[in-house]
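S.K.: First the structure, then my questions, so here it is.
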Amino acid sequence: VVGPHGLDPLRGWTTSTTQPLENDIEIIGNAKLTLFASSTRKDMDFMVTVSEQFEQTQEDFARGFQPRSAFVAKGSHRASHMERDKRFDTEDVPYYTHAKSTPLVPGKIYKVEIPLLPIGYRFKQGNRIRVEIAPHESGYSYRPDKIGTDTIYHDADHPSELLLPVLSGD
């Protein structure tokens, strides 16, 4: 993404983490991220990564190092691909046809459900669940049609959330 001082690979990324986990949490199955978002453009792309973020030492934090993490799952979706195939679509797994693109109305808030790859993973006590959302696959991609502002909402009227299939939390 191009920022005011040139290429800025982190600008445009949104990262959220849980508090340190009180117990191990095992997840198995399908997951999805539900976002409420708007754009100044006629389309939005979402690349989602879920990771386990490990505890960070104070020394590494003071030196400005990013916390270590392990990849868990990934998903992506283009918001203009709204049409769903009811034969395969479920509450847990949205299934899009990708048969046509419906331009978004700039400024309108849309509910976007992003399916993630099936997950089988155990998050360890003391670590965090991290979700990264980006408008593109690489921090160094540039396309003229991507110029604009995407906004993600999270409030009582727009409950953006990550739904994970928790098997156990012990």
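S.K.: What spacing in nm lies between the two simple spin-label points modelled at Ala99 and Lys42, each 7 Å away from Cα in the Cβ direction?
M.R.: The two pseudo-label positions are separated by 2.2 nm.
S.K.: Which distance in nm do the two modelled labels at Asp60 and Lys111 give, with both placed 7 Å along the Cα-to-Cβ direction?
M.R.: 3.9 nm
S.K.: Still on this model: Could you order the peptides 157-163, 127-133 from most to least packed, using the average number of other C-beta atoms within 10 Å per residue?
M.R.: Packing proxy ranking, top to bottom: 127-133, 157-163.
S.K.: Give me the mean projected area, in nm² to one decimal, of the convex hull enclosing the Cα positions of the range 18-118.
M.R.: Working: hull surface 35.3 nm².
Computed as one quarter of the Cα hull surface, the answer is 8.8 nm².
S.K.: Something else now. For every other residue with a beta carbon closer than 12 angstrom to the beta carbon of Gln66, add +1 if it is Lys or Arg and -1 if Asp or Glu, then tell me the sum.
M.R.: Values: positive: Arg63, Arg68, Arg130; negative: Asp60, Glu132.
Computed value for this residue: +1.
S.K.: Considering only the other residues whose Cβ falls under 13 Å of the Cβ of Leu163, what net charge follows from Lys and Arg at +1 and Asp and Glu at -1?
M.R.: Values: positive: Lys32; negative: Glu91, Asp92, Glu113, Glu161.
Summing Lys and Arg as +1 and Asp and Glu as -1 gives -3.
S.K.: Residue-wise, which Karplus ³J(HN,Hα) couplings in Hz belong to the range 116-123, taking 6.51 cos²θ - 1.76 cosθ + 1.60, θ = phi - 60°, and x for glycine or proline?
M.R.: Each residue's phi maps through the Karplus curve to give 9, 4, x, 10, x, 7, 10, 7 Hz.
S.K.: log₁₀ I(q)/I(0) of the chain at q = 0.09, 0.18 Å⁻¹, via Debye over equal Cα point scatterers, no solvent, to two decimals?
M.R.: Taking Cα atoms of the chain as identical point scatterers yields -0.35, -1.26.
S.K.: Report the number of Lys pairs in the chain whose alpha-carbons are under 30 Å apart, with separation of 8 or more residues or on distinct chains.
M.R.: Lysine pairs meeting both conditions in the chain amount to 28.
None of the figures in this text is laboratory data; all of them are computed from the coordinates on show. The shown structure was predicted, so the numbers you read here are calculated from the model rather than taken from an experiment. Cβ sites come from the backbone with ideal geometry, for glycine too, and all protein chains shown count toward neighbours.
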